[in-house]
Amino acid sequence: MPMHKYHARVQETAVNIPKPKNNTIGIIAGYVIVAVILICLYQKPAEPEVVVVVKEEPEEIVVLNPVPSSITLSEPLWLNAPEDIMAEQMEDMQVRFRIKNHNTYPVTGITVEFTFYDLEDVDLGEAKVITFDDVLQANEEKSYPEYTVGSYPRDTITVKSEVLSVSAHQ
C-alpha cells in the first residue's frame, strides 16, 4: 500500500503539521551537564591541608628530698684529745669519721652537728654545726681521716655527731 500524504483541511483552511525538530544540540547539552555533575560527584575532594601541631609533653619533674636518716655517720674518733682535762692550752679538735649516702642518687649539703659531752655524759651545750658541700654519689662512703671541728668546751670528754639535713645534688 502506497503511503499518501494527506493534508487536513478545516473549513477550507489548511492545517500544517509541524515538521520534527532537530534536538541534537539539546541532547548534547544535556549529556554535557550530566557529565559535569557526575565528575563533580565522583571527583575526590581536595585533601584538606594538614597542620601538625607537636605538643611537647612537660618533662616530669622529680623532686628528690632525701631525709637525714638516709645518711649514716660513724661515731667520731677524737684524734688529739688532751691527756689532762685541766690543760691550760687546748688545740682545735680533730676527729676521724665516715659519712655514707644510702640514697640511689647523689647528695650534697650534708649538715652535721657535733655535740660535746663531759665525764658524766652531760651535754656541754656548745655544739658545732658544719655543712659538708662534698658530693656523695649513690651508695658512696667518704672518709674524713683528720677533720678539724674547731674549739670545744673545756670539760669535753666525748664528742657525738648527728646528721641534721641533706640535699639532693642537682
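Here, each number is a calculation from the coordinates, and none is a lab measurement. Source: prediction; values computed, not measured. No Cβ is skipped: glycine too gets one built from the backbone with ideal geometry, and neighbour counts run over all protein chains shown.
Quick one: Cα centre-to-centre distance for the stretch 147-170 and the stretch 52-130, in angstrom?
6 Å
Once both axes come from the Cα atoms, what is the angle between helix 24-42 and the longest principal axis of the chain, in degrees from 0 to 90, rounded to 10?
Its long axis makes an angle of about 10 degrees.
In whole percent, what relative contact order does the chain give with Cα contacts below 8 Å and a gap of six or more residues?
The value is 24 percent.
Return the label of the correct value of P(r) over Cα pairs in 10 Å bins from 0, in percent, as calculated from the structure shown, out of [x] 8, 20, 14, 8, 5, 4, 4, 4, 5, 5, 5, 5, 5, 4, 4, 2, 0; [y] 8, 24, 17, 10, 8, 8, 12, 10, 3, 0; [z] 8, 25, 19, 11, 8, 12, 12, 4, 0.
[x]
Would you list H102, H169 from fewest to most Cβ contacts within 10 Å?
H102, H169
Would you mind ranking E140, E146, E83 so that the residue whose beta carbon has the fewest other beta carbons within 10 Å leads the list?
E83, E146, E140
Please count, across the chain, the pairs of lysine residues with Cα atoms under 26 Å apart that sit 8 or more places apart or on different chains.
So the count works out to 8.
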